[in-house]
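All of the numbers you see were taken from the coordinates with simple rules; none came from a lab. From a predicted model like this one, the values you see are computed outputs, not experimental measurements. Methodologically, a virtual Cβ is constructed for each residue, glycine included, from the backbone with ideal geometry; neighbour enumeration extends over all protein chains shown.
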Amino acid sequence: MINILRGSAWCFEGVMDVDWEICPIEHMNALHKDHTKTYEQILAELGRYCMTTVDPEFPQKARPGDIIVGGEGFGYGHDHDHACMSLRGTGIAAVLCEATNSNFKRNSIHHGLPVVEVKGIMSCTNTGDELEVDLAKGVVRNLTNGKNFTFVPYPDFILEILEAGGLYQQLTSQVKLGVYS
């Protein structure tokens, strides 16, 4: 299982709404009209607009494996899953934040993106810091400044969903294997 993630931090202060800051809703609406794209194509398309209202060049600067660090209210707003899909589309490996919306957290896990609430993370992390996240042990290490944080680790069944790339991919694999018929 992939329990340990490592990447550079991207810090975003304040409330980050799913429909405005993380990925403007008009991009989700446009994709609903096109039924020819695969899941991977949709992720890539939404990734082109990820965080562009806050940092217009974020999709070009973010690298696969990078980690978003947010304040209170990261993932605020409606129960739309295009925001977590856009984060996946940029290659973001995880979101660490002071607090989040439960809908955003659930949707993100369903799409294979861990979202972890870590009190104090924002005040001790800068953009560019190298972070290591152990999802099974519940530990975040800031390798740049030596600070460590703990969180409630994910249970095994959530780790299995994340390992599969999300709930939808896990269920698709299980159906193909005949687990569910």
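Figures for the structure shown
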read-out: F151 vs. criteria within 21 Å of D17 (Cα to Cα), surrounded by 14 or more Cβ atoms within 10 Å (Cβ to Cβ) and in contact (Cβ under 8 Å) with a residue 24 or more places away in the chain; value: no
read-out: Selected residue [surrounded by 23 or more Cβ atoms within 10 Å (Cβ to Cβ), under 18 Å from K147 (Cα atoms) and touching a Cys at 6+ places or on another chain (Cβ under 8 Å)] from I67, I121; value: I121
read-out: Residues that are of a type outside the set (S, T, Y), touching a helix residue (DSSP H, G or I) at 6+ places or on another chain (Cβ under 7 Å) and either surrounded by 21 or more Cβ atoms within 10 Å (Cβ to Cβ) or under 21 Å from H27 (Cα atoms) (or both), drawn from segment 96-108; value: F104, N107
read-out: Residues of segment 124-139 classified as of a type in the set (V, I, T) and surrounded by fewer than 15 Cβ atoms within 10 Å (Cβ to Cβ), total; value: 1
read-out: Scope segment 31-60; condition more than 15 Å from E21 (Cβ to Cβ) and of a type in the set (S, T, N, Q); matching residues; value: T36, T38, Q41, Q60
read-out: From the options V179, V175, residue that is surrounded by fewer than 19 Cβ atoms within 10 Å (Cβ to Cβ), among the hydrophobic types (A, V, I, L, M, F, W, C), over 17 Å from the mean Cα position of the chain (by Cα) and assigned to a helix (DSSP H, G or I); value: V175
read-out: Residue among T90, T100 that alone is under 17 Å from V18 (Cβ atoms) and in contact (Cβ under 8 Å) with a residue 40 or more places away in the chain; value: T90
read-out: Some residue of segment 53-61 being surrounded by 16 or more Cβ atoms within 10 Å (Cβ to Cβ), touching a helix residue (DSSP H, G or I) at 6+ places or on another chain (Cβ under 6 Å) and among the β-branched types (V, I, T); value: no
read-out: Qualifying residues in segment 99-154 (those that are aliphatic (A, V, I, L, M) and in a helix (DSSP H, G or I)) - the one farthest from the chain's Cα centre (by Cα); value: M122
read-out: Output for segment 1-50, where each listed residue is under 23 Å from G73 (Cα atoms), of a type outside the set (A, V, I, L, M, F, W, C) and either crowded, with 20+ Cβ neighbours inside 10 Å or touching a residue at least 24 places away in the same chain (Cβ under 8 Å) (or both); value: G7, S8, E13, G14, D17, D19, E21, P24, H27, G47, R48, Y49
read-out: Tally of residues being assigned to a helix (DSSP H, G or I) and of a type outside the set (S, T, Y) across segment 76-96; value: 7
